[in-house]
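Written below as structure tokens is the structure these notes are about.
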Amino acid sequence: MFSAGIKKNNTEYALEGATAILECNVPPFAKSTWDKVNSSSSQWSVTLYADKNDINTNLPNMKNLAIGGQISEGNYNLQIQSASSYDEGVYICSHLSNESKIHETYVTLTLKVKPTDIQIINSTNGIVQGEEDESLNLICTVKSGIPSEERLTWYNMSAPINTGGPGMLSILITPTRNDHRKQYSCNVTSDSLLQPLQKNITLDIKYKPSIIINNPNPMVVTENNNLTISCSSDGNPSVTEMCIESGSRHVLNRCNKLQCAVTVLKIRREEAGSFKCVARNIIGMVEEVVKITVQYPPSVTITFSQEESVLHCIPDGNPSIYTFHFWEHRSNFGQTIRMLGNNQDLQLQSSDIRYQMNGIYICRVENGVKDINGSTIQVAETRVQYEDKPIIVSQNAAIQYGRFGFPVNMEVHVYSFPKITGVYINVLNHEEYHAIKNKSISIANSILTDTIFDKEVQINGYTIRLQGYNLTKHDFSSYEFKIKNDIGEAVHFVKLSAADLPEKPKIIKVVADIDNLTVYWNSIFNGGKQQQFILEYKTVDTIEWNKSLPINDTSVDCCHHVLQHLEANTNYMIRIVAINEIGSSNFTNIYIEKTLAFKPKHISMTAHLIGTIVGIVIVVTAFTIAISLRLKKGCVCKTQFLRNSYVQDRELRDEMSVENFIYQSQERALESRLQDSDPNNYRRTNQHQTTALLQDRNETPYQNHFTSNSSNNQAGFAVENSIYQDQTSNTLDRMQHCVGTSKHSSHKTILSNRIPNINGIRGQSSGKTFKIGHEQDNDALHYVEVVFDPLNQTNEAHIHGINDRTIYADIDTGAVGMPLEESEEEVDNEDDDDFMYIDGIIDYTKKS
């Protein structure tokens, strides 16, 4: 017998056409069946669907039926494919327990029905109207399906607001203008729906206008710039009127659109303040204030408290946050003297020389605002001028120079405020000061140079000049200048010294190397002025002289100079000239030195000794042979010399006259002729004039000094020489050869080679006469006796007057000297010591 067991009731929903699974749990391998209650029968009956795993083959839908699950695990499920309304009903799952009890599970299969007809209350064409700040109820409804378990959700755009259901869901909101045109949606979801149901609405919220300021607010603008105020409005319904008003309610612009703008040209600081934008519609009116701040760079003023010696820098700008830069002290000519503290106030330090604080004081300040020129730094300046006694400025020289016989010109530079009221000049004479007449004193306004706070600047002042008479020897003394104004007096002493052209320097030696020459020289006298030297050099074969840069006469740089980048194994001609502010000296005589062919190496003492011995033997042998030849050929040499020279003398007679005198004027005669011929070439020619020095009883060598630029002289000057100097190098070479027969042959007589450069141009010659490796700088007069052997009577040449030669003093009778102012005392003291007689001139040596 079977006893009643436990009953369970379940409901299973399935979509039409889908697979429905009726679940039933039984003991593993228990005998189980599935039956369906016949609902169409008046009596309760069931139809077998499955016995264990077997499906009733008599069922019309048996192909749609199957037993699923693992029976071994107690899963005994009935699967119904393509469920339809035929399959709806109550199914019974039965099994017999071990206690012989029947366990039944009732499962009701129902086809699902989708929810439909979703609606939003008070929606017209998807729009729900509302008003700003007024409550608005949004209601969503839907016709429920089977089962009635749909979920309704309100969304604001994509964000969920609330969820509820089934059938209806409402939300209450208070919209703002920001909700205008915002979209809300109601969403319905259910298991019977493959896709959710959704209804969308758009809010139409009415609100009064809103104003948007399109500029920063508050708005900052720089003075003199244009200001544009722009406003935009937003209202629902649309704005009917819009305008921009000034702070005084003056309408600047009226607009009938959603945007309004106004431009203020070159705004001024007085126009700073509030501007308003106003907009209206049927809901209401609104206005928005725009605050305008006008910034401007500071205007700067300086006040000066002379009693406290304080300068105050006062700026006035917006913003009123200032940065003060360093004060600048300038001269009245705009030259910076010093930079002072970066404070608003400047305390001028007391000074014994108050005038140094005079000048222009500049205050610089900024507040970060640019002016119309684009600069942030604003400047103000003021002039400070203290009264003081006259000041002798640093420009003055304690020693001034003059030239004997020339007009006096002394200057003293003075600063004075107030102006000068008197000037007195005294000169020291015989240990007493004597006043200078006022007619020789002048005062003129002048721009001076002075050292103020260690800076050399220009200032306005006065130049006091002493002029009007020629200088005598008594005027080279000490002068006292007294200058007065209403405050006090200043005294200044000036020593007047003689100044002239510098004396020519003297070359001491030249040290040779492969590619350079080191020239050493002495400075003789600078003429009383600072002098410089210019060193000129060239090769023997070239015409143009190379010049060094000016060499200062200082203990460091003077007196040597290195000529660099020269050619090896080459003869160079060197000369030096001294210059000062008055003029230049004569050139030194030309010095010739040859650069080395190679670097000298160390030679042992033995090698020196051997070389010396060999050299002596060669010299003695050559000397013996030379004497024999010269004794035989001396007469023939002289005859040929005179014969050849006669023809060449005739060719050059128009250019250079030859005078038959033993004494040749060394300096004055030639100077006079050259100056008359070419004044511009006078000094240059004077530096290199030809000098024939005749040998005296001490047998001084005869020399003739020439330089390359003698070719520039075309004055046709006379050459005076008792030996009759020819113009060609061949003639003089023969003359040098023949002079070996001189009566004083124990002393070698040197005739300098005078080499003409005759290129078909008559009378243009270039002579070079020098002693290589040595500078001859002797200005004394010398004489030479030359004796020739008797010549044949044929073509015999005679030098007339050789035995009656006259000695001439070196006197320039054409020169005019400056007269000296003499006192009676000087006249009385004149004696014979002031004169030199002819006997004292014979061995006269010119002093440099």
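Which of the residues spanning region 311-362 are among the hydroxyl-bearing types (Ser, Thr, Tyr), in contact with a Ser or Thr (Cβ under 8 Å, 6 or more places away or on another chain) and either modelled with pLDDT under 95 or part of a loop (DSSP other than H, G, I, E, B) (or both)?
Scanning region 311-362 gives a single hit, Ser350.
Give all pairs with beta carbons closer than 8 Å in which a residue from region 60-74 that is assigned by TED's automatic domain parsing to the domain that holds Thr33 meets a residue that is part of a strand (DSSP E or B) and small (Gly, Ala, Ser); count only pairs at least 6 apart in sequence or on separate chains.
Correct list of pairs: Leu65/Ala50; Ile67/Ala50; Ile71/Ser32.
Output yes when any residue across region 180-194 is of a type in the set (A, V, I, L, M, F, W, C), part of a strand (DSSP E or B) and not assigned by TED's automatic domain parsing to the domain that holds Asn75, and no when none is. Explain how you work it out, then say what you get.
Initially, region 180-194 is screened for residues of a type in the set (A, V, I, L, M, F, W, C), giving 186, 188, 193-194.
Imposing the further condition that a residue be part of a strand (DSSP E or B) reduces the set to 186, 188.
The next check asks that each one be not assigned by TED's automatic domain parsing to the domain that holds Asn75; those that pass are 186, 188.
There is at least one residue in region 180-194 that is of a type in the set (A, V, I, L, M, F, W, C), part of a strand (DSSP E or B) and not assigned by TED's automatic domain parsing to the domain that holds Asn75.
Looking at Arg338, is it touching a His at 6+ places or on another chain (Cβ under 6 Å) and not β-branched (Val, Ile, Thr)?
Considered against the rule, which asks whether it is touching a His at 6+ places or on another chain (Cβ under 6 Å) and not β-branched (Val, Ile, Thr), Arg338 comes out as yes.
Determine whether Glu328 is touching a strand residue (DSSP E or B) at 6+ places or on another chain (Cβ under 9 Å), outside the structural domain of Ile362 (by TED's automatic domain parsing) and surrounded by 13 or more Cβ atoms within 10 Å (Cβ to Cβ).
No; evaluated as a whole, the condition is false for this residue.
Yes or no, residue by residue, for (1) surrounded by 19 or more Cβ atoms within 10 Å (Cβ to Cβ); (2) within 13 Å of Glu480 (Cα to Cα); (3) of a type outside the set (Asp, Glu):
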| position | (1), (2), (3) |
| --- | --- |
| Ile425 | yes, yes, yes |
| Leu448 | yes, no, yes |
| Gln458 | no, no, yes |
| Thr463 | no, no, yes |
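Scan (1) surrounded by fewer than 13 Cβ atoms within 10 Å (Cβ to Cβ); (2) in contact (Cβ under 8 Å) with a residue 12 or more places away in the chain; (3) under 29 Å from Gln385 (Cβ atoms); (4) not acidic (Asp, Glu) for the single condition Ser305 breaks and write down its number.
(2)
Consider region 131-143. How many of its residues are in a strand (DSSP E or B), in contact with a Ser or Thr (Cβ under 9 Å, 6 or more places away or on another chain) and touching a residue at least 40 places away in the same chain (Cβ under 8 Å)?
4
Looking at Ala279, Ala272, which is the one that is surrounded by 15 or more Cβ atoms within 10 Å (Cβ to Cβ), under 27 Å from Lys206 (Cβ atoms) and either not assigned by TED's automatic domain parsing to the domain that holds Pro218 or not β-branched (Val, Ile, Thr) (or both)?
Unique residue meeting the criteria: Ala279.
To keep it simple, each residue is scored yes or no on (1) touching a residue at least 12 places away in the same chain (Cβ under 8 Å); (2) crowded, with 16+ Cβ neighbours inside 10 Å.
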{"position": "Lys455", "(1), (2)": "yes, no"}
{"position": "Asp475", "(1), (2)": "yes, yes"}
{"position": "Glu480", "(1), (2)": "yes, yes"}
{"position": "Val491", "(1), (2)": "no, no"}
{"position": "Asn522", "(1), (2)": "yes, no"}
{"position": "Glu544", "(1), (2)": "no, no"}
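Any chance region 293-301 includes a residue that's small (Gly, Ala, Ser), touching a residue at least 12 places away in the same chain (Cβ under 8 Å), surrounded by 14 or more Cβ atoms within 10 Å (Cβ to Cβ) and assigned to a strand (DSSP E or B)?
no
So which of Ile201, Ile146 ends up being outside the structural domain of Asn256 (by TED's automatic domain parsing), under 28 Å from Pro237 (Cβ atoms) and among the β-branched types (Val, Ile, Thr)?
Ile201
Could you tell me which residue of region 502-520 is modelled with the lowest pLDDT, considering only residues that are more than 43 Å from the chain's Cα centre (by Cα) and closer than 30 Å to Ala397 by Cβ? Break it down stepwise before answering.
Applying the first criterion (more than 43 Å from the chain's Cα centre (by Cα)) to region 502-520 yields 503-512.
Pick out the ones that are also closer than 30 Å to Ala397 by Cβ and you get 503-506.
Details: Glu503: 87, Lys504: 91, Pro505: 92, Lys506: 92.
Among those that are more than 43 Å from the chain's Cα centre (by Cα) and closer than 30 Å to Ala397 by Cβ, it is Glu503.
Evaluate the following for Ser135: is it more than 26 Å from Pro237 (Cα to Cα), out of contact with any Phe, Trp or Tyr (no Cβ under 8 Å at 6 or more places or on another chain) and modelled with pLDDT of 90 or more?
no
Just checking, which of Val540, Val511 is free of Cβ contacts under 8 Å to residues at least 24 places away in the same chain, in contact with a Phe, Trp or Tyr (Cβ under 9 Å, 6 or more places away or on another chain), outside the structural domain of Lys482 (by TED's automatic domain parsing) and more than 18 Å from Asn586 (Cα to Cα)?
Val511
Looking at (1) in contact (Cβ under 8 Å) with a residue 24 or more places away in the chain; (2) within 47 Å of the chain's Cα centre (by Cα), which one does Leu428 not meet, given that it meets all the others?
Unmet for Leu428, out of (1) in contact (Cβ under 8 Å) with a residue 24 or more places away in the chain; (2) within 47 Å of the chain's Cα centre (by Cα): (2).
Please enumerate the residues belonging to region 434-453 that are touching a residue at least 24 places away in the same chain (Cβ under 8 Å), part of a strand (DSSP E or B) and β-branched (Val, Ile, Thr).
Answer for region 434-453, where residues must be touching a residue at least 24 places away in the same chain (Cβ under 8 Å), part of a strand (DSSP E or B) and β-branched (Val, Ile, Thr): Ile441, Ile447, Thr449, Thr451, Ile452.
Within region 354-376, how many residues turn out to be β-branched (Val, Ile, Thr) and surrounded by fewer than 13 Cβ atoms within 10 Å (Cβ to Cβ)?
1
The values are calculated or read from the model by the stated rules, or taken from the named source; none is laboratory data. What you see is a predicted model; the values in this text were computed from it and never measured. Using ideal geometry, Cβ is built from the backbone for each residue, glycine included, and neighbour counts are taken over all protein chains shown.
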